[in-house]
Each structure stands twice: as C-alpha cells, then as structure tokens.
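Written out below as structure tokens is the structure these notes cover.
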Amino acid sequence: MPEKTSIGGAGLIGILILAVVLIAVPHLVSFSQQELLVLLTINVLVVVSYRLQTLTGEWSLAHVVMMGAGAYGSALFAKSFGFPVPLAMIAGAITAGLIATLLSFPLFRMKGFYFLIGSFAAGEILRLIWKRFTDPFGGPKGIQRIPGFPEIDLGFIHIDFYDPANYYYLVLVVVLVSLWVLYRVEKSRIGLTFHAIHWQDKLSESVGVDAFRYRMLAFVIASFFAGLAGALYAHYLSTVNPNQFDVNTMVYVLIWTIVGGTSRWYGPILGVVALTIVDEVILRSIGVDQVRPLLYGLILILAILFLPNGLESLVIKARDALRGRGGANVPNGEAVARK
Amino acid sequence: MKSASSISLTRRSLLTGAASAALLPLVGMPKASFAQENVVKVGFLAPLTGPVAAWGKPGLDGCKIWADWVNEAGGIEIGGKPYKVELASYDDEDDAGKARTGATQLIRENDVKFIMMLGGNSWPGVEEIAARQGMMVSTLLPSDLTPDTTTLIAPCEVHPIYNVTGVDWLAANHPDLKTAVVCAQDDALGKPSVATYLAAFEAAGITMASPPLFFDPATTDFAPVMTQLLANNPDILCLDTCYADYVQPLCEQAFQQGYKGKIISCTLDFYQRIVERTSKEFMEGVIFQFPDFDDKALNDPRINFKKPNEFFAEYVKRYGATEWSAVSWEYSSILDLWADAAQRAGSVEPADVLVAMKEGGKGKHAFGDARWWGKELFGIDNALVGDWPVVVIRDGKATIAEFRSIPDWWDKNGQLLVKHMTDLGQMWNQRT
C-alpha cells in the first residue's frame, strides 16, 4: 500500500513537537551526551542515505567507505589545498559521489549477493589505498589536526563550533536539508523507478527503463550524502583514519538499518536512534561497560525475533491502532455509511 | 508486623525487586562514610571492549588494586590534607569519536584531575579538549607526542623504543644468530615498532632475511603469513608489537610449521595460553618485554614500583593468573608517578602536578630513575625513559633476564632509529 504523502493536522502538530525537541535537546542532556548527539545526527544521514541505495534492491558494503571518501576528501581539500571548510565539505561529498560513479561501472555488472561482495571488495581497495599511501592519506594513522568548522563572530554573537551544542545545530540543519532532498528523490519519478527496479527489474527494462543508470544514480546520490556525513564527522573530530571506515562500522550501519526497518524512510532513523541510546546511554549508565557488546547482541537478537519488520512496524501498528480508535469515534451516520 | 513465614515471594514482588536492584546504580546509593573527605578523581580512558581491550581492561583492573591499597592506607596527602582517590573509567573502544565523548564526560562531568589513556587511534579525538581544558593526559604510545601536545606525557611505556633492549640482549647472548624477519599489523602501532626493530637489528649486526611483512589488521588466517616469514629460514622471528589476538595464532603457526629458531616479540600477553597450545619446549627462550610482577628481580632497591610481588599476588587473586597482561601494572605505575608529583606539588590541579612531575628533568620510572626525553624523536621531552627489562620464557614462565638501558642504546645508535623511523614515515614531523 503506498504511503500517505499529505500531512494532516495531527502530522503538523507532530512535526512541531519534533522541531521543539530537536532544538531543545542539547540543553536537556549532559555535556558528553551532547557529543553523542552530534555523532548520532551524523549517523542519521548515513543510514537514511544508505536506505536510498537499498531502494533499488542492491545492498552495498561500501557505504561507510564512501563516508570515508567524503571525510578524507574534505580533510585534504581543507588541510592540503586550503579550501574554506564549508566548501571543502561540499567538495568532499562530491568526491564521494565521483568515486561512486567510477565504481558503478564494474559493480553494477553484478547483482544481489555478487554485488554485495563486489562492493565490499571495492570498499576495501579504497580503504587500503588510504592505508598504503602515507602521502597524502597519512597511512594507518590517517590525517590529524583537520581544521574545524570556522568560528562565527559577528560582534554581538560568537559561535564556536568546537562546542558540541553549536556543532549539533549546524549538523542538524545540514542533515534536515539532506533528508528533505532524499525524501523528495524517493517520492519523485526517479524514486518510483528505484522501487520498480527493485521489484521488477526485467519488466522495468522491458518498458525502457535503464536499470544500470538508475542503480548508478541511487549509488551516487547515496554516496554523496554519505560523503557529506563523513565530512561533518572529519571536521568535528579533527581526525580520520582507515579503521574508522572498516567493515565493523559497516556492520553497525547494517544493524541500525535492519533493526529500524527499510520499508519507510523513517525506519533506519528509528534504528540508529534507539540502538545508540541503548548502547551509549542506557548500557553505559548502568555501569556495564565491559559486557555492553554482549547485552547489545542480546537486544539485537530479541529485536530480530520479535520485530522481524523492524522498529518501524511498531509505528505502523500504533498508527493503525489510532486510526482504528479514530474510526470508532466517528459519528454514527458516517460509521454506518462506511459499513 | 508480618511474620517471616507470612512473607511470600510473588512474581510481582520478584519483578519489582529485580527492577529496583537494576535501577539502584541510576538513582545512586547513599555515600556512606566518604562524604566529608577530600576526593580526587582520576580518569581511565582506554578500550575495555573490542580487539584492543587486552591493553585497556587489565590496566583498569590493576588501577583498582592501586586505588584500594592507597585508600585503605588513608589516601594520599596533598597540601596537608588526605585525599581519597576515585577512578572514573570510560570505554573508548579505541575510537577517536568515543574517546572525545569519554574525555568530555571525565573532564566536565566527573571532574577528573588526570586522565590515563592507551593512546594511538583514540588520542586525536581528545587532543583539542585536553589542550582547551589544560588537562594532563598520559599515553602508553609516545608516537602521540608532538611539540604541540604539552599536556600529554608518556611516563611509563616508551613504546616502541624499549624493544631495542630485547634485541641488544639477544645479540649479546646469542651472537650466532645472524638473520631475522619481522611482521606486524599494518597500523599506527605496528609501523613505528618495525622501525625500532629494524634499527636494533642493524645496530646488533643482524641482517634482515626479507623485508618487513605488514599484514592487514583484519587478518584471521596466519598460516600464509608465517609461511612467507619462514621461507628464508631466519634465525630470529620477530613478532613486533602485534596485538594479543595476533601473537597467539602467529606462535601457533610457527610451532605447527616446525620453526626451530628464536622468537622475539614486544608483548606476549596471556603467554600461558600460548605455552598450552604449543609446548614448553617450543616457547623456551622466547624473548619479550613485559615481566610477571612475581619476579624476584623486581625487588631490587632501584625499582620504584611499590610492592610488585604483592601487587601480582593480589591481581592473580582477584582476576586470575591468565588475565595478567603487559598493561596490568603500567597504568598503576603511572598513578604512582602522578600521586608522588601531586604530593610534591601540594595540589591536584593538572598544571601544578605536571610541573612537579617534570621538575629537574628526571623522574622515578617503575624500573628505576629515568629522564624526560624525546625531543629528537617526538619533538618534545615528555617521555620518561630509563632501564627496561628483557624477559625470557624459561620452563613455561616469564623471567626477567636483565635490565638494559634505553638511553645508553640511544646515545650509541640514535641516528639509526631516526633513519628507520624516517623511512617508514613515523617521525613526528612526518605525520599528516
């Protein structure tokens, strides 16, 4: 069943509440949780962009490496070529998109499981290049002392982006704009074609859809936004190294996406938010640092057993339940008419 | 009042009890008798989970013993007042992002006065916050040091420079061994260590049978790695500073492939397990750099680590003999230095303690008096360097063979080390 796209009154109230929460949240949490909030918001962009790529039915293991391409690109543009950081970030994201374009030619000769393995191999090649070439990539230690986002000083207001609360607002704006673009892409004809290729690729091709081009487009768009997330990450931490973008990190992205669900745009967001809160806030706060991986694994198993359609299925059920209750409250005449 | 016999355990009361117990740490237990005391908090920011946990968690375990002993003895006296020492730990998972979050929590929420780190991948995430907050931080990896890291010190382990003592001892005691091979994971820990071993072998007149072999840290099958290493029949097999997860399978592979030469390694964590999986005979004579602290050689008067044998016994009692690792004592020895400096400074403030610690350019390292050094290699004299033990497996047990001087080796062969560090891009001014 197609998703409802128009926003009703309840939806508007929900958006308003969400906006208030997003603006207020840095002031409601501790200093260390502000740091987490920045990383979490960046990760939201990573998983949502990853979902866009999965719309064509191809699951890549190179997405985190694409994030790394953006991070390395942006770091080098800023540090070695003297680009202003905001421009370097965009250039880093474009670099990731260009690399994805090049990788598309060999990768999209494959499908399904073969594409998965191929994307892993391509990602590893890229990651090993960063590790192998100390100049310019810094080798295993990576690039350090990457310039941060420039401070804004207007006399009456001074914004230091090293402060996690300030950087959070910057990241939030970038991520919200990116999510809006990704949402519009999915709801456009291009997005519908992605879905068509996913479910009926031969049929799509028979009516003139160039499946290769659309798969490539999804990969490039997803990589561009992953690269943008990587750029935000690099200029926040002031360091990038190849280990940050290894297959372990990719496994986390897969887990967040799968636990959240991929049939709705908000599914991966639910996954990354819920699992980050569980792992980084709840499990740490109860002082079980050393058994966190064990408990995290247990929670994942339970989630997969009891929520096979992801956390988004809870939202769908809750919405259906509310609609059902709403139906019971409609005037008698209307209820009868429906019957 | 209900009689004892009338109290029944229902499912509801059981669940309520369990939930209450689980929430206790969140809501906080009443602080019993320390409310009126002065407390100084020290941060522990290292990997407690993940592949590098072997160089974090055993250190935290050792620090708990150190803190318990100090507090049982009435705390440390600073400025005429006794201070209880509390540890605040954060698992940084060897990741810069988590380390930044952890440092923020330790500094801004836990109000620690000193942070101990493993360093390496995690340090860049902490560097700026440490500089901005003027926080003194220690690392086990002096390759983190640069002229800009003025509040970062390497007061215990000058990794990998102490590895020269093992090679130096090997060359002096086994002059017949003439060729060597070395392997390491291709990362920030492996490369400077390889440079150090190459310099030490060259200084000792030992030639390399093949170029250094760097394997990917994701490697799980070490059979081909070992086959390649042994192809030229080396006299010495050097395992560099491989992580514990690599040293064990590498030793097993060397055993299975019939290697008969000498093995030298930086660490040999949980070596009892390796002895079990190979044999006492195979492991006899393996050289590394980290002693068990039940070694009687550590009772020498020049050793500054307090009660090493008792420390080891307590560690084994609490956590088991097989849990002892290279770092079990290191963070505790850093705490010794810090406590001594804080007492001399009469303050717990990081800047005061740092000045007191580096006063006169000398310090009391765990293995004897040492000097603050490192300008030629790290651009700053923030590494405490002196003697270091050479440890040999004898009859399945780690035994200190001799203490050797790192500064003496450096004075004679420093240029070789600079040359190899430069070749592998490991000098501080080569880091991007």
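Taken together, the values in this text are just the output of simple stated rules run on the coordinates, not laboratory data. Please read these numbers as outputs of a predicted model, since none were measured by experiment. Cβ: placed from backbone, ideal geometry, glycine included. Neighbour counts: every protein chain shown.
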Computed ³J(HN,Hα) along the range B:118-125: with the Karplus parameters 6.51/-1.76/1.60, θ = phi - 60°, integer Hz and x for glycine or proline, the list is 6, x, x, 4, 7, 4, x, x
Give the angle, between 0 and 90 degrees and rounded to the nearest 10, that separates the Cα long axis of helix B:11-27 from the longest principal axis of the Cα atoms of chain B. 70 degrees
Give the long-range amide H neighbours of A:Thr239: residues separated by 5 or more places, or on another chain, with amide H under 5 Å away, using H modelled in the peptide plane at 1.01 Å from N. A:Ile146
Label B:Glu402 and B:Ala218 with points 7 Å out from Cα along Cα→Cβ: what is the distance between them in nm? 4.4 nm
Run the quick spin-label model on B:Asp411 and A:Arg184: label points 7 Å from Cα toward the beta carbon, then report their separation in nm to one decimal. 7.2 nm
Against the longest principal axis of chain B, how steep is helix B:163-173, in degrees 0 to 90 to the nearest 10, with axes from Cα atoms? 50 degrees
If the only charges are +1 at each Lys and Arg Cβ and -1 at each Asp and Glu Cβ, what is the size of the charge dipole of chain B around the Cα centre, to the nearest 20 debye? 1020 debye
Give me the distance in nm between label points sitting 7 Å out from Cα along the Cα-to-Cβ direction at A:Val247 and B:Glu284, one decimal. 4.1 nm
Amide H to amide H, which residues 5 or more places from B:Ile153 or on other chains are under 5 Å from it, using H placed in the peptide plane? B:Val137, B:Ser138, B:Thr139
Calculated FRET efficiency, B:Gln133 and B:Trp69, Cβ-Cβ r, R0 41 Å, to nearest 0.05? 0.90
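Please identify the trypsin sites (Lys or Arg not before Pro) of the range A:4-93 that satisfy two criteria: DSSP loop assignment and at most 16 other Cβ atoms within 10 Å. Which are they? Let's see the in-between values first.
Values: sites: A:Lys4, A:Arg51, A:Lys79; in loops: A:Lys4.
Those that pass, being in a loop and sparsely packed, are A:Lys4.
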Expressed in angstrom and ordered largest first, the alpha-carbon extents of chain B along the principal axes are 83, 55, 43
Which aspartates and glutamates have a Cα lying under 19 Å from the Cα of B:Lys178, excluding residues fewer than 8 positions away in the same chain? B:Asp168, B:Glu202, B:Asp235, B:Asp240
Rounded tilt (10° steps) of B:330-345 against the dominant C-alpha axis of chain B: 60 degrees
Residue by residue through the range B:101-109, which ³J(HN,Hα) values in whole Hz follow from phi under the Karplus form 6.51 cos²θ - 1.76 cosθ + 1.60 (θ = phi - 60°), with glycine and proline marked x? 4, x, 5, 4, 4, 5, 7, 8, 10
Taking placed amide H atoms and a strict 5 Å upper bound, the residues 5 or more places from B:Trp373 or on another chain that come that close are B:Asn382, B:Ala383, B:Leu384, B:Val385
Name the residue from A:Tyr236, A:Phe194, B:Val181 whose Cα lies farthest towards the positive end of the charge dipole of the protein assembly as shown, charges +1 on Cβ of Lys and Arg and -1 on Cβ of Asp and Glu. A:Phe194
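What FRET efficiency do you get for A:Val21 and A:Ile125 if R0 is 60 Å and r is their Cβ-Cβ distance, rounded to the nearest 0.05?
In this case the efficiency is close to 0.90.
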Given 20 Å bins starting at zero, what is the percent of C-alpha pairs of chain A in each, up to the one with the largest pair distance? 28, 57, 14, 1
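How crowded by other chains is A:119-128, given as the mean number of beta carbons from other chains within 10 Å of each beta carbon? Write down the numbers at each step before the final one.
Working: counts 0, 0, 0, 0, 0, 2, 0, 0, 2, 2.
Counting other chains' Cβ atoms within 10 Å and averaging over A:119-128 gives 1.
Calculate the FRET efficiency for A:Asn309 and B:Lys307 from the Cβ-Cβ distance with a Förster distance of 56 Å, rounded to the nearest 0.05.
Details: r = 59 Å, r/R0 = 1.06.
E(calc), rounded to 0.05, equals 0.40.
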Considering only A:Leu254, A:Gly227, B:Val40, whose Cα is most displaced toward the positive end of the charge dipole of the protein assembly as shown, charges sitting on Cβ of Lys, Arg (+1) and Asp, Glu (-1)? A:Leu254
Would you kindly state the longest site-free stretch of chain A, with sites defined as GluC sites (Glu not before Pro) in a DSSP loop (not H, G, I, E, B) surrounded by at most 15 other Cβ atoms within 10 Å? A:152-339
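Note down the magnitude of the dipole of the range A:29-244 about its Cα centre, charges +1 on Lys and Arg C-beta and -1 on Asp and Glu C-beta and zero elsewhere, to the nearest 20 debye. Each step should come with its number before you reach the end.
Details: 15 positive and 12 negative charges, 132 e Å.
The calculation lands at about 640 debye.
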Out of B:Ala203, B:Val316, B:Gly374 - ranked by how far each Cα lies towards the positive end of the dipole of chain B, with unit charges on the beta-carbon of charged residues - the top one is B:Val316
Which residues does a label at B:Gln272 reach in the range B:286-325, if reach means a backbone N under 18 Å from a point 7 Å past the Cα toward the Cβ? B:290-296, B:309-325
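Only bridges with both residues in chain B count here: give the DSSP antiparallel percent, nearest 5. Intermediate values should be presented prior to the final figure.
On the way: 20 of 50 bridges.
Given both bridge residues lie in chain B, the antiparallel proportion sits at roughly 40 percent.
Mind listing which chymotrypsin sites (Phe, Trp or Tyr not before Pro) in the range A:22-114 are in a DSSP loop and have 16 or fewer other Cβ atoms within 10 Å? Working shown, then result.
Details: sites: A:Phe31, A:Tyr50, A:Trp59, A:Tyr72, A:Phe77, A:Phe81, A:Phe108, A:Phe113, A:Tyr114; in loops: A:Trp59, A:Phe81, A:Phe108.
In loop regions of the range A:22-114 (DSSP not H, G, I, E or B), the sparsely surrounded chymotrypsin sites (Phe, Trp or Tyr not before Pro) are A:Phe81.
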Output wanted: per-residue J couplings in Hz (rounded whole) for the range A:226-240, from phi through Karplus 6.51 cos²θ - 1.76 cosθ + 1.60, θ = phi - 60°, x for Gly and Pro. 5, x, 5, 4, x, 5, 4, 5, 5, 7, 7, 8, 6, 8, 9
Could you give the dipole magnitude of the range A:246-327 about its Cα centre, charging the beta-carbon of Lys and Arg +1 and that of Asp and Glu -1, in debye to the nearest 20? 440 debye
